[in-house]
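Report on the following structure.
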Amino acid sequence: TMLVYDSGKKDFTAEVTVLFAQVDKSAAENLDDAITSLLAMEKKCRVSNDPTNLVKVCKFMLKVCKEQNDWPKLNAVLALINKRCAQIKSVITAVVAEALGFVDQTPSLEVKMELIKSLKDICAGKIDVESESAKLHFMLSKMYEDRGDLDAACDAIQDVHVETYGSLSKREKAEYILEQIRVALLKKDYIRAMIHSRKMNLKTTEEAGFEDVKIRFYRMMIEYYMVEKNTWEIAQAYYKIASTPYVPIESSNDANGAVEMKGETSDISSNAAAVYKAQCTEALESCILFLLMSKYDNHQSDMLYRVKKQLTAELKEVATSMQSVFPAAINLFTTKEIIPSPLPDQDVLDSHQSLIYPSDPQQPITTTVAATATALRALLQDRIVQHNLRVVAAYYRRITTQRLCELLDLSQDQLEGHLAQLCEGGDLFLKIDRPAGIVDFVQKKMPEQVLTEWSADIGQLLHLMEATCHLINRENMVYKA
(Lines give C-alpha, C1' and ligand atoms only; values in the text may rest on other atoms or scores of the structure.)
Protein backbone atom coordinates (compact mmCIF):
# COMPACT_ATOMS: atom_id res chain seq x y z
CA THR A 1 0.00 0.00 0.00
CA MET A 2 1.13 3.52 -0.77
CA LEU A 3 1.58 6.02 2.04
CA VAL A 4 -0.43 9.22 1.79
CA TYR A 5 1.33 12.17 3.45
CA ASP A 6 -0.60 15.05 4.94
CA SER A 7 0.25 18.41 3.44
CA GLY A 8 -0.28 20.16 6.79
CA LYS A 9 1.96 19.79 9.80
CA LYS A 10 0.47 18.12 12.91
CA ASP A 11 1.62 17.99 16.52
CA PHE A 12 1.41 14.68 18.39
CA THR A 13 3.13 15.84 21.56
CA ALA A 14 0.26 14.88 23.86
CA GLU A 15 -0.15 11.41 22.36
CA VAL A 16 3.59 10.80 22.43
CA THR A 17 3.78 11.76 26.12
CA VAL A 18 0.98 9.36 27.04
CA LEU A 19 2.51 6.57 24.94
CA PHE A 20 5.91 6.98 26.56
CA ALA A 21 4.35 6.60 30.01
CA GLN A 22 2.53 3.43 28.96
CA VAL A 23 5.66 1.92 27.37
CA ASP A 24 7.70 2.60 30.50
CA LYS A 25 5.31 0.41 32.46
CA SER A 26 4.81 -2.37 29.93
CA ALA A 27 8.26 -2.69 28.32
CA ALA A 28 9.65 -4.94 31.03
CA GLU A 29 6.78 -7.44 30.55
CA ASN A 30 6.46 -7.40 26.78
CA LEU A 31 9.12 -5.52 24.84
CA ASP A 32 7.82 -6.61 21.43
CA ASP A 33 4.39 -5.07 22.01
CA ALA A 34 6.02 -1.87 23.28
CA ILE A 35 8.18 -1.58 20.18
CA THR A 36 5.15 -2.29 17.96
CA SER A 37 3.18 0.56 19.50
CA LEU A 38 6.15 2.89 19.20
CA LEU A 39 6.58 1.95 15.55
CA ALA A 40 2.94 2.77 14.92
CA MET A 41 3.45 6.21 16.49
CA GLU A 42 6.66 6.64 14.46
CA LYS A 43 4.71 6.05 11.25
CA LYS A 44 1.99 8.48 12.29
CA CYS A 45 4.54 11.24 13.04
CA ARG A 46 6.44 10.59 9.82
CA VAL A 47 3.34 10.60 7.61
CA SER A 48 1.88 13.68 9.32
CA ASN A 49 5.15 15.66 9.08
CA ASP A 50 5.93 15.98 12.80
CA PRO A 51 9.76 15.71 12.80
CA THR A 52 10.22 16.83 16.42
CA ASN A 53 8.14 14.03 17.90
CA LEU A 54 9.39 11.62 15.24
CA VAL A 55 12.94 12.07 16.54
CA LYS A 56 11.74 11.63 20.14
CA VAL A 57 9.90 8.39 19.32
CA CYS A 58 12.85 6.87 17.46
CA LYS A 59 15.30 7.74 20.23
CA PHE A 60 12.87 6.42 22.84
CA MET A 61 12.70 3.08 21.05
CA LEU A 62 16.47 2.74 21.30
CA LYS A 63 16.39 3.78 24.95
CA VAL A 64 13.78 1.14 25.80
CA CYS A 65 15.78 -1.64 24.12
CA LYS A 66 18.94 -0.55 25.89
CA GLU A 67 17.23 -0.39 29.32
CA GLN A 68 15.93 -3.93 28.82
CA ASN A 69 19.43 -5.07 27.71
CA ASP A 70 17.97 -6.52 24.52
CA TRP A 71 20.85 -5.63 22.21
CA PRO A 72 19.76 -7.81 19.25
CA LYS A 73 16.40 -6.01 19.36
CA LEU A 74 18.24 -2.67 19.43
CA ASN A 75 20.14 -3.62 16.27
CA ALA A 76 16.90 -4.73 14.60
CA VAL A 77 15.17 -1.45 15.51
CA LEU A 78 18.09 0.52 14.08
CA ALA A 79 17.84 -1.35 10.78
CA LEU A 80 14.06 -0.92 10.73
CA ILE A 81 14.22 2.85 11.30
CA ASN A 82 16.81 3.17 8.54
CA LYS A 83 14.65 1.26 6.05
CA ARG A 84 11.48 3.25 6.70
CA CYS A 85 9.99 4.82 3.59
CA ALA A 86 10.97 8.48 3.13
CA GLN A 87 12.78 8.60 6.44
CA ILE A 88 13.87 12.09 7.45
CA LYS A 89 17.63 12.78 7.49
CA SER A 90 17.48 14.41 10.90
CA VAL A 91 16.05 11.20 12.32
CA ILE A 92 18.96 9.13 11.00
CA THR A 93 21.43 11.65 12.41
CA ALA A 94 19.74 11.68 15.82
CA VAL A 95 19.39 7.89 15.99
CA VAL A 96 23.05 7.32 15.08
CA ALA A 97 24.19 9.90 17.64
CA GLU A 98 21.99 8.29 20.31
CA ALA A 99 23.21 4.76 19.57
CA LEU A 100 26.84 5.89 19.56
CA GLY A 101 26.41 6.76 23.22
CA PHE A 102 25.47 3.13 23.93
CA VAL A 103 28.63 1.66 22.42
CA ASP A 104 30.70 1.96 25.59
CA GLN A 105 27.84 0.56 27.69
CA THR A 106 27.62 -2.80 25.93
CA PRO A 107 28.06 -5.87 28.17
CA SER A 108 30.57 -7.72 25.96
CA LEU A 109 32.98 -7.23 23.11
CA GLU A 110 30.83 -9.26 20.69
CA VAL A 111 27.74 -7.16 21.43
CA LYS A 112 29.77 -3.99 21.00
CA MET A 113 31.07 -5.16 17.63
CA GLU A 114 27.57 -6.07 16.41
CA LEU A 115 26.24 -2.65 17.41
CA ILE A 116 29.11 -0.90 15.62
CA LYS A 117 28.51 -2.96 12.49
CA SER A 118 24.79 -2.11 12.56
CA LEU A 119 25.53 1.59 12.87
CA LYS A 120 28.16 1.32 10.15
CA ASP A 121 25.61 -0.15 7.76
CA ILE A 122 23.18 2.68 8.52
CA CYS A 123 25.83 5.36 7.90
CA ALA A 124 27.01 3.85 4.62
CA GLY A 125 26.55 6.31 1.76
CA LYS A 126 24.95 9.07 3.88
CA ILE A 127 26.78 12.39 3.82
CA ASP A 128 24.94 13.67 6.92
CA VAL A 129 26.59 11.08 9.17
CA GLU A 130 29.98 10.80 7.47
CA SER A 131 31.86 11.87 10.61
CA GLU A 132 30.02 9.24 12.67
CA SER A 133 30.80 6.68 9.96
CA ALA A 134 34.51 7.51 10.13
CA LYS A 135 34.44 7.18 13.92
CA LEU A 136 32.72 3.78 13.69
CA HIS A 137 35.29 2.46 11.21
CA PHE A 138 38.03 3.73 13.51
CA MET A 139 36.54 1.96 16.55
CA LEU A 140 36.06 -1.27 14.61
CA SER A 141 39.65 -1.17 13.39
CA LYS A 142 40.91 -0.72 16.95
CA MET A 143 38.89 -3.71 18.14
CA TYR A 144 40.27 -5.94 15.39
CA GLU A 145 43.79 -4.74 16.17
CA ASP A 146 43.34 -5.55 19.86
CA ARG A 147 42.31 -9.04 18.81
CA GLY A 148 45.49 -9.35 16.75
CA ASP A 149 43.65 -9.47 13.42
CA LEU A 150 45.67 -6.88 11.49
CA ASP A 151 44.15 -7.84 8.14
CA ALA A 152 40.63 -7.10 9.36
CA ALA A 153 41.81 -3.92 11.12
CA CYS A 154 43.39 -2.65 7.90
CA ASP A 155 40.32 -3.57 5.83
CA ALA A 156 38.01 -1.78 8.28
CA ILE A 157 39.75 1.57 7.99
CA GLN A 158 41.52 1.67 4.64
CA ASP A 159 38.53 2.58 2.45
CA VAL A 160 37.43 5.60 4.51
CA HIS A 161 38.20 8.69 2.43
CA VAL A 162 38.25 11.23 5.24
CA GLU A 163 40.10 13.75 3.08
CA THR A 164 36.79 14.37 1.26
CA TYR A 165 34.65 14.74 4.42
CA GLY A 166 33.55 18.32 4.99
CA SER A 167 32.19 17.71 8.50
CA LEU A 168 35.62 16.83 9.93
CA SER A 169 38.19 19.38 11.01
CA LYS A 170 41.67 19.46 9.53
CA ARG A 171 43.16 17.93 12.67
CA GLU A 172 40.61 15.10 12.70
CA LYS A 173 41.38 14.33 9.08
CA ALA A 174 45.12 14.37 9.73
CA GLU A 175 44.80 12.13 12.81
CA TYR A 176 42.64 9.69 10.87
CA ILE A 177 45.08 9.48 7.96
CA LEU A 178 47.92 8.89 10.43
CA GLU A 179 45.96 5.97 11.87
CA GLN A 180 45.43 4.54 8.38
CA ILE A 181 49.17 4.75 7.68
CA ARG A 182 50.05 3.23 11.05
CA VAL A 183 47.77 0.21 10.61
CA ALA A 184 49.06 -0.36 7.07
CA LEU A 185 52.66 -0.29 8.32
CA LEU A 186 51.79 -2.75 11.10
CA LYS A 187 50.36 -5.07 8.46
CA LYS A 188 53.50 -4.43 6.35
CA ASP A 189 51.27 -3.34 3.48
CA TYR A 190 53.73 -0.70 2.30
CA ILE A 191 51.93 0.05 -0.96
CA ARG A 192 48.74 0.87 0.93
CA ALA A 193 50.75 2.95 3.42
CA MET A 194 52.16 5.04 0.58
CA ILE A 195 48.66 5.50 -0.91
CA HIS A 196 47.36 6.77 2.44
CA SER A 197 50.36 9.08 2.87
CA ARG A 198 49.44 10.82 -0.39
CA LYS A 199 46.16 11.90 1.24
CA MET A 200 47.97 13.99 3.85
CA ASN A 201 47.89 17.71 3.06
CA LEU A 202 51.50 18.78 3.61
CA LYS A 203 50.46 22.42 3.88
CA THR A 204 48.31 21.50 6.86
CA THR A 205 51.25 19.87 8.65
CA GLU A 206 53.16 23.15 8.38
CA GLU A 207 50.46 25.13 10.15
CA ALA A 208 50.73 26.22 13.77
CA GLY A 209 49.28 23.68 16.17
CA PHE A 210 50.04 20.70 13.91
CA GLU A 211 53.63 20.16 15.08
CA ASP A 212 52.83 16.79 16.69
CA VAL A 213 50.99 15.63 13.56
CA LYS A 214 53.93 16.67 11.39
CA ILE A 215 56.47 14.78 13.48
CA ARG A 216 54.36 11.62 13.67
CA PHE A 217 53.70 11.71 9.93
CA TYR A 218 57.36 11.99 8.97
CA ARG A 219 58.33 9.32 11.52
CA MET A 220 55.97 6.93 9.75
CA MET A 221 57.32 7.94 6.36
CA ILE A 222 60.86 7.22 7.58
CA GLU A 223 59.75 3.70 8.48
CA TYR A 224 58.35 3.27 4.97
CA TYR A 225 61.41 4.69 3.20
CA MET A 226 63.72 2.51 5.32
CA VAL A 227 62.07 -0.50 3.72
CA GLU A 228 62.56 1.06 0.30
CA LYS A 229 66.16 2.11 1.24
CA ASN A 230 65.37 5.56 -0.18
CA THR A 231 68.03 7.55 1.67
CA TRP A 232 67.16 10.85 -0.02
CA GLU A 233 63.53 10.78 1.17
CA ILE A 234 64.66 9.66 4.64
CA ALA A 235 66.99 12.67 4.83
CA GLN A 236 64.13 14.96 3.74
CA ALA A 237 61.85 13.54 6.44
CA TYR A 238 64.46 13.93 9.18
CA TYR A 239 65.08 17.51 8.03
CA LYS A 240 61.37 18.28 8.38
CA ILE A 241 61.42 16.90 11.93
CA ALA A 242 64.57 18.81 12.87
CA SER A 243 63.17 22.10 11.55
CA THR A 244 59.83 21.78 13.38
CA PRO A 245 59.48 24.70 15.80
CA TYR A 246 58.92 24.05 19.49
CA VAL A 247 55.57 25.24 20.92
CA PRO A 248 55.82 25.77 24.71
CA ILE A 249 52.99 24.81 27.04
CA GLU A 250 50.94 27.89 27.84
CA SER A 251 50.39 28.53 31.52
CA SER A 252 46.88 28.76 32.90
CA ASN A 253 45.21 32.13 33.38
CA ASP A 254 43.49 30.98 36.54
CA ALA A 255 44.22 33.62 39.16
CA ASN A 256 43.64 31.27 42.09
CA GLY A 257 46.14 28.65 41.00
CA ALA A 258 48.70 30.89 39.33
CA VAL A 259 51.01 31.11 42.34
CA GLU A 260 50.98 27.42 43.17
CA MET A 261 51.28 26.13 39.60
CA LYS A 262 53.89 28.56 38.31
CA GLY A 263 56.92 26.52 39.31
CA GLU A 264 55.39 23.23 38.18
CA THR A 265 54.43 24.66 34.80
CA SER A 266 57.94 26.03 34.38
CA ASP A 267 59.43 22.61 35.13
CA ILE A 268 57.08 20.91 32.66
CA SER A 269 57.92 23.46 29.96
CA SER A 270 61.66 23.14 30.55
CA ASN A 271 61.48 19.33 30.47
CA ALA A 272 59.40 19.42 27.28
CA ALA A 273 61.87 21.83 25.71
CA ALA A 274 64.79 19.56 26.66
CA VAL A 275 63.06 16.50 25.19
CA TYR A 276 62.24 18.44 22.04
CA LYS A 277 65.82 19.64 21.66
CA ALA A 278 67.13 16.08 22.08
CA GLN A 279 64.71 14.81 19.41
CA CYS A 280 65.66 17.60 17.01
CA THR A 281 69.37 16.95 17.58
CA GLU A 282 68.92 13.27 16.80
CA ALA A 283 66.82 14.12 13.74
CA LEU A 284 69.43 16.57 12.45
CA GLU A 285 72.21 14.00 12.92
CA SER A 286 70.10 11.43 11.07
CA CYS A 287 69.37 13.96 8.31
CA ILE A 288 73.10 14.56 7.74
CA LEU A 289 73.88 10.84 7.88
CA PHE A 290 71.28 9.85 5.27
CA LEU A 291 72.04 12.90 3.16
CA LEU A 292 75.64 11.71 2.87
CA MET A 293 74.32 8.31 1.76
CA SER A 294 72.13 9.83 -0.96
CA LYS A 295 73.11 9.73 -4.61
CA TYR A 296 74.99 12.82 -5.76
CA ASP A 297 73.00 15.22 -7.93
CA ASN A 298 72.08 18.90 -7.98
CA HIS A 299 69.41 18.50 -5.30
CA GLN A 300 71.67 16.54 -2.95
CA SER A 301 74.53 18.98 -3.40
CA ASP A 302 72.25 21.97 -2.83
CA MET A 303 70.85 20.48 0.36
CA LEU A 304 74.34 19.66 1.65
CA TYR A 305 75.39 23.30 1.39
CA ARG A 306 72.04 24.48 2.75
CA VAL A 307 72.29 22.29 5.85
CA LYS A 308 75.91 23.32 6.33
CA LYS A 309 74.87 26.97 6.27
CA GLN A 310 71.95 26.43 8.63
CA LEU A 311 74.18 24.74 11.21
CA THR A 312 75.53 28.21 11.94
CA ALA A 313 72.22 30.05 11.45
CA GLU A 314 68.65 28.74 11.89
CA LEU A 315 69.69 25.39 13.39
CA LYS A 316 72.59 26.73 15.44
CA GLU A 317 70.92 26.01 18.79
CA VAL A 318 70.22 22.40 17.82
CA ALA A 319 73.69 21.96 16.29
CA THR A 320 75.44 22.94 19.54
CA SER A 321 74.41 19.66 21.20
CA MET A 322 75.20 17.57 18.11
CA GLN A 323 78.19 15.23 18.01
CA SER A 324 81.15 16.86 16.29
CA VAL A 325 81.57 14.06 13.76
CA PHE A 326 78.44 15.16 11.84
CA PRO A 327 79.48 18.79 11.09
CA ALA A 328 82.96 17.48 10.29
CA ALA A 329 81.53 14.93 7.84
CA ILE A 330 79.39 17.49 6.05
CA ASN A 331 82.43 19.80 5.75
CA LEU A 332 84.42 16.98 4.15
CA PHE A 333 81.72 16.25 1.59
CA THR A 334 81.38 19.93 0.64
CA THR A 335 85.13 20.37 0.08
CA LYS A 336 86.78 19.31 -3.18
CA GLU A 337 89.41 17.22 -1.47
CA ILE A 338 89.95 13.50 -1.12
CA ILE A 339 88.21 12.15 1.99
CA PRO A 340 90.06 9.59 4.11
CA SER A 341 88.35 6.24 4.31
CA PRO A 342 87.17 5.36 6.88
CA LEU A 343 86.08 8.77 8.09
CA PRO A 344 87.38 10.11 11.40
CA ASP A 345 85.16 8.66 14.17
CA GLN A 346 83.21 6.68 11.61
CA ASP A 347 82.24 4.18 14.31
CA VAL A 348 79.95 6.91 15.67
CA LEU A 349 78.21 7.12 12.30
CA ASP A 350 77.97 3.34 11.92
CA SER A 351 76.41 2.92 15.37
CA HIS A 352 73.95 5.81 15.09
CA GLN A 353 70.49 5.09 16.45
CA SER A 354 68.73 5.85 13.15
CA LEU A 355 70.47 2.84 11.57
CA ILE A 356 69.94 0.40 14.42
CA TYR A 357 66.41 1.47 15.46
CA PRO A 358 64.78 2.92 12.35
CA SER A 359 61.24 2.91 13.78
CA ASP A 360 60.75 2.04 17.46
CA PRO A 361 63.66 1.82 19.96
CA GLN A 362 61.53 -0.42 22.19
CA GLN A 363 61.31 -3.16 19.56
CA PRO A 364 64.06 -5.78 19.27
CA ILE A 365 66.50 -5.62 16.36
CA THR A 366 65.19 -8.02 13.73
CA THR A 367 67.22 -9.72 11.02
CA THR A 368 65.73 -7.39 8.43
CA VAL A 369 66.67 -4.27 10.41
CA ALA A 370 70.23 -5.56 10.94
CA ALA A 371 70.60 -6.36 7.23
CA THR A 372 69.32 -2.90 6.29
CA ALA A 373 71.80 -1.25 8.68
CA THR A 374 74.67 -3.26 7.19
CA ALA A 375 73.65 -2.29 3.65
CA LEU A 376 73.46 1.39 4.61
CA ARG A 377 76.93 1.31 6.19
CA ALA A 378 78.31 -0.17 2.98
CA LEU A 379 76.44 2.50 1.01
CA LEU A 380 78.17 5.24 3.02
CA GLN A 381 81.56 3.78 2.09
CA ASP A 382 80.54 3.77 -1.57
CA ARG A 383 79.52 7.44 -1.38
CA ILE A 384 82.95 8.31 0.08
CA VAL A 385 84.71 6.57 -2.81
CA GLN A 386 82.41 8.22 -5.36
CA HIS A 387 83.12 11.66 -3.89
CA ASN A 388 86.84 11.00 -4.12
CA LEU A 389 86.53 9.91 -7.75
CA ARG A 390 84.66 13.12 -8.62
CA VAL A 391 87.45 15.13 -6.95
CA VAL A 392 90.11 13.26 -8.95
CA ALA A 393 88.16 13.79 -12.18
CA ALA A 394 88.04 17.54 -11.45
CA TYR A 395 91.85 17.80 -11.18
CA TYR A 396 93.11 15.10 -13.58
CA ARG A 397 92.56 14.49 -17.26
CA ARG A 398 94.54 11.25 -17.23
CA ILE A 399 95.82 9.15 -14.36
CA THR A 400 97.21 5.67 -14.00
CA THR A 401 95.07 3.11 -12.27
CA GLN A 402 97.97 2.26 -9.96
CA ARG A 403 98.22 5.86 -8.74
CA LEU A 404 94.44 6.09 -8.43
CA CYS A 405 94.37 2.94 -6.31
CA GLU A 406 97.01 4.45 -4.04
CA LEU A 407 95.08 7.69 -3.63
CA LEU A 408 91.79 5.98 -2.82
CA ASP A 409 93.23 2.96 -0.98
CA LEU A 410 91.36 0.52 -3.23
CA SER A 411 92.21 -2.66 -5.07
CA GLN A 412 92.17 -2.81 -8.88
CA ASP A 413 88.86 -4.69 -8.99
CA GLN A 414 87.20 -2.35 -6.47
CA LEU A 415 88.37 0.69 -8.41
CA GLU A 416 87.05 -0.62 -11.73
CA GLY A 417 83.72 -1.48 -10.08
CA HIS A 418 83.25 2.05 -8.72
CA LEU A 419 84.34 3.62 -12.02
CA ALA A 420 81.91 1.47 -13.96
CA GLN A 421 79.09 2.36 -11.57
CA LEU A 422 79.72 6.10 -11.90
CA CYS A 423 80.06 5.88 -15.66
CA GLU A 424 76.87 3.84 -16.00
CA GLY A 425 74.94 6.30 -13.82
CA GLY A 426 76.09 9.26 -15.93
CA ASP A 427 77.97 10.92 -13.06
CA LEU A 428 81.33 10.76 -14.83
CA PHE A 429 82.49 10.28 -18.41
CA LEU A 430 85.67 8.22 -18.56
CA LYS A 431 87.58 5.65 -20.56
CA ILE A 432 89.75 2.91 -19.10
CA ASP A 433 92.76 1.58 -21.01
CA ARG A 434 93.31 -1.63 -19.09
CA PRO A 435 96.45 -2.84 -20.93
CA ALA A 436 98.13 0.55 -20.39
CA GLY A 437 96.58 1.01 -16.95
CA ILE A 438 95.33 4.54 -17.69
CA VAL A 439 92.01 6.23 -16.91
CA ASP A 440 90.98 9.18 -19.11
CA PHE A 441 88.50 11.62 -17.59
CA VAL A 442 87.23 13.32 -20.74
CA GLN A 443 84.01 15.24 -20.68
CA LYS A 444 81.83 14.13 -23.54
CA LYS A 445 80.64 17.06 -25.64
CA MET A 446 77.04 17.35 -26.69
CA PRO A 447 76.35 17.62 -30.46
CA GLU A 448 75.04 21.18 -29.98
CA GLN A 449 78.27 22.16 -28.23
CA VAL A 450 80.38 20.66 -31.03
CA LEU A 451 78.39 22.52 -33.70
CA THR A 452 78.68 25.76 -31.72
CA GLU A 453 82.46 25.40 -31.53
CA TRP A 454 82.67 24.62 -35.26
CA SER A 455 80.56 27.63 -36.17
CA ALA A 456 82.70 29.84 -33.93
CA ASP A 457 85.88 28.53 -35.57
CA ILE A 458 84.47 29.10 -39.06
CA GLY A 459 83.38 32.60 -38.06
CA GLN A 460 86.88 33.42 -36.84
CA LEU A 461 88.38 32.00 -40.06
CA LEU A 462 86.08 34.10 -42.28
CA HIS A 463 86.83 37.19 -40.22
CA LEU A 464 90.58 36.57 -40.59
CA MET A 465 90.24 36.06 -44.38
CA GLU A 466 88.24 39.28 -44.72
CA ALA A 467 90.83 41.27 -42.73
CA THR A 468 93.66 39.78 -44.82
CA CYS A 469 91.95 40.65 -48.14
CA HIS A 470 91.39 44.19 -46.89
CA LEU A 471 95.10 44.61 -46.08
CA ILE A 472 96.13 43.20 -49.49
CA ASN A 473 93.78 45.55 -51.35
CA ARG A 474 95.06 48.52 -49.36
CA GLU A 475 98.67 47.68 -50.20
CA ASN A 476 97.78 47.37 -53.90
CA MET A 477 96.11 50.74 -53.91
CA VAL A 478 99.07 52.36 -52.16
CA TYR A 479 101.52 50.74 -54.62
CA LYS A 480 99.48 51.91 -57.67
CA ALA A 481 99.25 55.42 -56.29
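The values are calculated or read from the model by the stated rules, or taken from the named source; none is laboratory data. Owing to the predicted nature of the structure, the values given are computational and were not obtained by experimental measurement. With ideal geometry, Cβ positions are generated from the backbone for all residues, glycine too; neighbour counts draw on all protein chains shown. The accessibility values were calculated without ligands, DNA or RNA, using every heavy atom of the protein model including side chains. Shrake-Rupley method; radii C 1.70, N 1.55, O 1.52, S 1.80 Å.
Is region 418-458 rounded, prolate or oblate when judged by the Cα gyration tensor, a ≥ b ≥ c being the square roots of its eigenvalues, rounded requiring a/c under 1.5 and prolate requiring a/b larger than b/c? Intermediate values should be presented prior to the final figure.
Details: a/c = 5.26, a/b = 2.00, b/c = 2.63.
Because a/c hits 1.5 or more and a/b fails to exceed b/c, region 418-458 counts as oblate.
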So how far, in whole Å, is the C-alpha centre of region 74-136 from the one of region 218-242? 40
Nearest 10 degrees, 0 to 90: helix 258-293 Cα axis against the chain principal axis: 50
Under 20 Å from the residue 169 label point (7 Å along Cα→beta-carbon), backbone N, region 211-237: 211-217
Which of the lysines could a cross-linker bridge to residue 142, judged by Cα under 16 Å and excluding same-chain residues fewer than eight apart? 112, 117, 120, 187
With axes computed from alpha carbons, what is the tilt in degrees of helix 109-123 against the longest principal axis of the chain, rounded to the nearest 10 within 0 to 90? 80
Tilt of helix 71-83 relative to the longest C-alpha principal axis of the chain, in degrees (0 to 90, nearest 10)? 80
Net charge near residue 141, counting Lys/Arg +1 and Asp/Glu -1 over other residues with Cβ under 14 Å of its Cβ? 0
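Keeping every protein chain in place, order 118, 324, 351 by accessible area at 1.4 Å, biggest value first, i.e. largest first.
Details: 118 25, 324 90, 351 70 Å².
Sorted descending by solvent-accessible area, the residues read 324, 351, 118.
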